[in-house]
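Participant: My structure is below; once you've seen it, I'll send some questions.
Nothing in this text is a laboratory measurement; each read-out follows from the coordinates by a stated rule. For clarity, every value in this text was computed on a predicted model and none was experimentally measured. Reconstructed Cβ throughout: ideal geometry from the backbone, glycine too, with neighbour counts over all protein chains shown.
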Amino acid sequence: GELLLCEASTVYKYIQEDGSNRGTYGKLVCTNFKIAFLDDDSASDDNEPQFKNKIVGENDITLQCVDQIYGVYDEKKKLLTGQLRKYPEKLIIYCKDLRVFNFCLRYTKEEEVKRIVSGIVHHSQTPKLLKRLFLFSYASAAPNNTGERNQTVMFDTLEDWRDELERTKGNMKYKAVTTNEGYRVSEKLPLYFVVPICVSEESILKYEGRGIPIWCWSCHNGAALLKMSAFPKEQDDSTSQMQKAFLDGIYKTISKPPYELLKTDDLSSSLPSLQDIQTAYTRFKQLFLIDNSTDFWATDVKWFSLLESTNWLEIIRRVLKKAIEVAECLERQHTNVVLIEENATDLCCVISSLVQVMMDSYSRTKSGFQSLIQKEWVVGGHGFLDRCNHLHKSEKEEAPVFLLLLNCVWQLVQQYPPAFEFTETYLTVLSDSLYVPIFSTFFFNSQHQKDINTSGESLKTQSGPFRFLTVWDWSVQFDPKAQAFLNNPLYAEKPKPDKSQRKTARFKHQRQLSLPLTQTKSSTKKGFFREETDHLIKNILGKRIGKFINSSDEPPNSFREFYDSWHSKPVDYHGLLLPRIDGPEIKVWAQRYLRWIPEAQLHGGGTIATAAKILDLMEEVQSLQVKMDEEHSQAVSGDVHSVPLLRNSARLSSLFPFALLQRQSIKPALPTSTWKDLEDEDDLVKRDDEFVDLSSDMS
């Protein structure tokens, strides 16, 4: 379904904008799916990345992934939008996955420059109709794509909801309803959802589903987490009196003291607004959209103050703190919690998902986490189309709410690696998939919007509905070898419950798993980023811990006591997990934000190098296991299918597996000994064939 819209030849792409003008010639093309640079000398397969995306290549930018486009006129940068009077000599494209592309157009024919620049600006920056998304071209050109269900529960049938109720033992007090079939209650609600057993159909219909607590999850002790769309604030007195009486009636169905308690939490007053979140993220991402070496070293000097002034890490901390408060109500106070928000489709999704990741070990498996995203976000009605501004309709609606969730989950993944079946690379790839318009998962505002647009005729066959792919079929983007990076080899699987004597011994062993992963020693390398950004924010936030923790409306001691008492006990990787949120514990998700910046890489270091070593080891163990099995069964052992080893970890850097080492760090204008050291490291990495001991060089 991909169509070429415009192209320009003899475009020069800078490898790194640093004044050295090193780069490569090629053709720049724009299609209805992506902007791509076709390299003249990309024929050689030596540089093939191990972790190759089958849909979006290294030099491809999907139209939805373009953030901003700048033109350079006489060395001055100017934002390009709409109609252009004059065409630039250089084009800089900033992407939402934080890549930066620099193209020089001086050697390109003037006609082609006009066509390609106006084409790229028009197709990636101007408002679009939903049906013009590549999603539809792809679905109609590939009508036989039946996305595999692969264990992810989609929550688009009544059966899925009933199974979830049974899994969490919530079916004693809650029921799945069909009231919204045909969307007769509301187009914002899913076809099927779960409400308290006593809530009648007429109550649900009365205010189009507003004021109805919708079930998210039930805790092992019977307390439930619910969410609710609030009534509009500005109403006349008689209406608001009626609504208040209606709400009192509804609350009585859940709150039956002393047996059943209820706490309501209005997230619009207790958490930052979407506007605040958008502003903070816009500031934060500027720190990583670096288009030249000089800028990088300039920001490095003021790094901590710049980071703090964005307020992004503080927002993550507040959201995690709110999730801990909700977990405390459910776990310790046995109280039902209703999260309230205008449409219950933004911060409600973030908090309810986080609470489930913290309290339900099923949500920490890959299929469980994917089912959770389906339940709370995709079917739950989060407006991906508006919040990601995929159609460039309105910047007012834009806010990185889903990215905020992934940032919060990442904090948990890096604090408790054995508790998660997936890796940080999985989360990074998931964040990139937000901008790949061949999956329907992140390209609709609601189930209703998807349903009415699915029934369209597909262009080629004129036969029946579009069949959209789901993002959860990872084989569409990655081959099996690359998918290995999405799974955590050190996941502490749940011990089998049948052998109760061995349970305690097994648990002790799991606890020890965390020891080698806890990094006590920070990297010896001075300069920009320490290993895993370990001491990233100690300097800024350390002194303010006391003030942070007590900033809630809750009596501070109850929260603090719950938090401290949990952290004083050994971690059960299959029980409740509480993130550490004191100042320095909230970190920057280095893999996502630093992966395209050569200056920030740790040669032969970083978490991914460790993970790659473990994968190598596991593959070796597996191939030995195969050999032993074959010998055991006296089979002919001439044909052993051992998995080839992945790589030599000494050649990896912390940018792996996203950016490869051919993007070296280039010497800045200041010739100091530090830059000299950096160059020496680069030389080491170039020696592909020999195993290099980096520790002696870096000490």
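Participant: Using 0.36 nm per residue, how much length does the chain from K76 to E181 gain when fully extended, once their Cα-Cα distance is taken away?
Facilitator: 32.1 nm
Participant: Students often check this: by mean Cβ neighbours within 10 Å, which of 193-205, 227-239 ranks highest, and how do the rest follow?
Facilitator: Ranked from most to least packed, the peptides come out as 193-205, 227-239.
Participant: So what is Rg over Rh here for the stretch 348-395, counting just Cα atoms and using Kirkwood for Rh?
Facilitator: Reported Rg/Rh (Cα atoms, Kirkwood Rh): 1.10.
Participant: Please work out how much length the chain gains when fully extended from I55 to K263, using 0.36 nm per residue of separation minus the C-alpha to C-alpha distance, in nm with one decimal.
Facilitator: 70.2 nm
Participant: Can you run phi through the Karplus equation (6.51, -1.76, 1.60; θ = phi - 60°) for the stretch 594-610 and list ³J(HN,Hα) in whole Hz, with x for Gly and Pro?
Facilitator: 10, 5, 9, 10, x, 4, 8, 7, 10, 5, x, x, x, 4, 5, 5, 4
Participant: How many angstrom lie between the C-alpha centres of the stretch 88-161 and the stretch 388-407?
Facilitator: Their Cα centres are 16 Å away from one another.
Participant: Can you tell me which of 273-286, 604-617, 366-379 comes out highest on packing, and rank the rest after it, using the mean Cβ neighbours within 10 Å?
Facilitator: 366-379, 604-617, 273-286
Participant: Quick one: of K27/K396; K52/K627; K77/K114; K131/K233, which pairs are farther than 26 Å apart, Cα to Cα?
Facilitator: Violating the 26 Å Cα-Cα cut-off are K27/K396; K52/K627; K131/K233.
Participant: Now a separate question. Would you be so kind as to identify which of V401, T425, V355 lies farthest towards the positive end of the dipole of the stretch 275-433, taking Lys and Arg as +1 and Asp and Glu as -1 on Cβ and the Cα centre as origin?
Facilitator: Farthest towards the positive pole: V355.
Participant: Show me 66-79, 122-135, 211-224 ranked by packing, highest mean number of other Cβ atoms within 10 Å first.
Facilitator: 211-224, 122-135, 66-79
Participant: Also: Calculate, axis by axis, the spread of Cα positions in the stretch 80-189 along the three principal axes, and write the results as whole Å, longest axis first.
Facilitator: 71, 30, 29
Participant: Using Cα-Cα distances under 8 Å and only pairs 6 or more residues apart, what relative contact order does the stretch 4-126 have, in percent?
Facilitator: Computed value for the stretch 4-126: 29 percent relative contact order.
Participant: Report, to one decimal in Å, the Kirkwood hydrodynamic radius for the stretch 158-485 based on all distinct Cα pairs.
Facilitator: The Cα-based Kirkwood calculation yields 21.3 Å.
Participant: In whole Hz, what ³J(HN,Hα) sequence does the stretch 275-284 give by Karplus (6.51, -1.76, 1.60; θ = phi - 60°), x for Gly and Pro?
Facilitator: 4, 4, 5, 5, 4, 5, 5, 4, 5, 4
Participant: Please give the Cα centre distance for the stretch 192-214 versus the stretch 327-375, rounded to the nearest Å.
Facilitator: Measuring centre to centre over Cα atoms gives 20 Å.
Participant: Sort the stretch 4-126 into rounded, prolate or oblate with this rule: let a ≥ b ≥ c be the square roots of the eigenvalues of the Cα gyration tensor; rounded if a/c is under 1.5, and if a/c is not under 1.5, prolate when a/b is larger than b/c, oblate otherwise.
Facilitator: prolate
Participant: Rounded, prolate or oblate: which fits the stretch 302-404 when a ≥ b ≥ c are the square roots of the eigenvalues of the alpha-carbon gyration tensor, with rounded for a/c under 1.5 and prolate only if a/b beats b/c?
Facilitator: In terms of gyration-tensor shape, oblate.
Participant: Sticking with this one: Could you work out the equivalent-ellipsoid semi-axes for the stretch 323-468, taking the square root of 5 times each eigenvalue of the Cα gyration tensor, largest first, in whole Å?
Facilitator: Largest first, the stretch 323-468 gives 30, 18, 15 Å.
Participant: Considering only the other residues whose Cβ falls under 15 Å of the Cβ of K109, what net charge follows from Lys and Arg at +1 and Asp and Glu at -1?
Facilitator: -1
Participant: Would you mind checking the pairs K13/K78; K34/K393; K263/K494 and listing those with alpha carbons more than 21 angstrom apart?
Facilitator: Violating the 21 Å Cα-Cα cut-off are K263/K494.
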